[in-house]
1. For the chain, take the longest principal axis of its alpha carbons; what is the angle in degrees between that and the long axis of helix 2-15, to the nearest 10 within 0 to 90?
2. Just the Cα atoms of the stretch 238-349: what Rg and Dmax do they give in Å?
3. Using modelled amide H (1.01 Å from N, peptide plane; none on Pro or chain starts), what sits under 5 Å from the amide H of Gly232, excluding residues fewer than 5 places away?
4. Compare the Cα positions of Gly232, Met258, Ala3 along the charge dipole of the chain (+1 at Cβ of Lys, Arg; -1 at Cβ of Asp, Glu; about the Cα centre) and return the one farthest towards the positive end.
5. What is the calculated FRET efficiency for Ala115 to Asn314, with r their C-beta to C-beta distance and R₀ = 41 Å, to the nearest 0.05?
6. Only sites in a loop by DSSP and with at most 11 other Cβ atoms within 10 Å count here; which chymotrypsin sites (Phe, Trp or Tyr not before Pro) in the stretch 106-204 make the cut?
7. When DSSP beta bridges are limited to those with both residues in the chain, what percentage is antiparallel, rounded to the nearest 5?
8. Under 1.5 on a/c is rounded, so check that first for the stretch 2-97, then, if it is not, pick prolate when a/b is larger than b/c and oblate when it is not; a ≥ b ≥ c are the square roots of the alpha carbon gyration tensor eigenvalues.
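The values are calculated or read from the model by the stated rules, or taken from the named source; none is laboratory data. Since the structure is predicted, the reported quantities are computational estimates derived from the model, not experimental observations. Backbone-built Cβ (ideal geometry, glycine too); neighbour counts: all protein chains shown. To get the accessible areas, we keep the full protein, side chains included, count just its heavy atoms, and leave off ligands, DNA and RNA. Shrake-Rupley method; radii C 1.70, N 1.55, O 1.52, S 1.80 Å.
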Amino acid sequence: MAAELFSLIDHLRAEKNLTDDALTMLYENRTPETDAYLYAAADAVRRESYGNKVFLRGLIEISNICKNDCYYCGIRRSNRQVARYRLTLEDLMACAAHGYELGFRTFVLQGGEDAYFIDEVVVHWVRALKCAFPDCAVTLSLGERSRQSYEALFAAGADRYLLRHETATEAHYRRLHPAAMRLSHRLDCLAALKDIGYQTGCGIMVGSPGQTWPNLLADLRYMQGLNPQMVGLGPFLPAQHTPFAHQKAGTLADTLWMLAVVRLMLPQVLLPATTALATLSPEGREAGLRAGANVLMPNLSPLSVRKKYALYDNKATLDGEAAENVASLFDWLKTLGYEAVVDRGDYRI
Ligand code: SAH
């Protein structure tokens, strides 16, 4: 069996694809040995695309106010235990200036679907960032908006947009979201983003409640179809005061497996080793890089709000999130054999 799986992994690496049956066989019969072989293949493909570079993005969590009520999310509307906050433009510019000094050349603005952020406001914020830091890329992760809105933000200078699709399977989507939300709308948003010209990121939580292997397979097929420039992929982690507070977290092995398969299917993709992965396990981030990830997103949000942007419990922090630690993050990456890159780190066509 192991020999057969090794040859499937070789095939996946060479062809960037496998049949449903072959992927299923690889998933269901994996062992620590075949996983190690898979991660090594993904690591090699990442090196072919990007050498030993690891791209750093500065994450700024601009608001934890959200009109949505996703069952998994710690900042869902119904969670009355959350102390809500919204940064001001001055806060944002101060975070970005601090990040710029540390060397960051990509800023990721993430937040809940906060009604304050009408197009006019986001356009103003994006313009302010681009004007002050013209050599920086701006990534937005502000949820579902109209095509017209995405166009306006793109015209204002936003370069990239992250919108995890969460699951490509209707029944599973229903398990994770209240009736008011629609998978078709989320997928339409992703298609529009890609079409407009954003470097676009989709993605999922691995091990979210009710997720099955056929769901993961459908996610992989969806990703192949969309061919995004980025994929956000981390374990589901339970969040207190949510309907899923007592559900099991996704596993490290499943998350690494998905990271590696995504790397082999989409060799050029920008793939973060996420904060959720680091929260799940102290070795998570390193293991993610070893399994094909090539992006880290240190948090540049003001310290006063960090705890309030709690999508899940016990959120990890990363060296490099404070001025004095950036050097240690670079050193850490160096000891692992990686080179930290702070330039824009655009997707390579
Ligand atoms: N409102 C924005 C940003 C959402 S937060 C949007 O809709 O895109 C970013 C991502 O965090 C989500 O897409 C989701 O995949 C992830 N997330 C939310 N709750 C989580 C949890 N409990 N465990 C792990 N990841 C979670």
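1. Between the helix axis and the principal axis of the chain, the angle is about 50 degrees.
2. 15.1, 43
3. Under 5 Å from the amide H of Gly232: Cys202, Gly203, Ile204.
4. Going by the Cα projections, it comes out as Gly232.
5. For Ala115 and Asn314, the calculated efficiency is 0.90.
6. For chymotrypsin sites (Phe, Trp or Tyr not before Pro) across the stretch 106-204 that sit outside H, G, I, E and B with at most 11 neighbouring Cβ atoms in 10 Å, the list reads Tyr116.
7. Counting only bridges with both partners in the chain, antiparallel ones make up about 5 percent.
8. oblate
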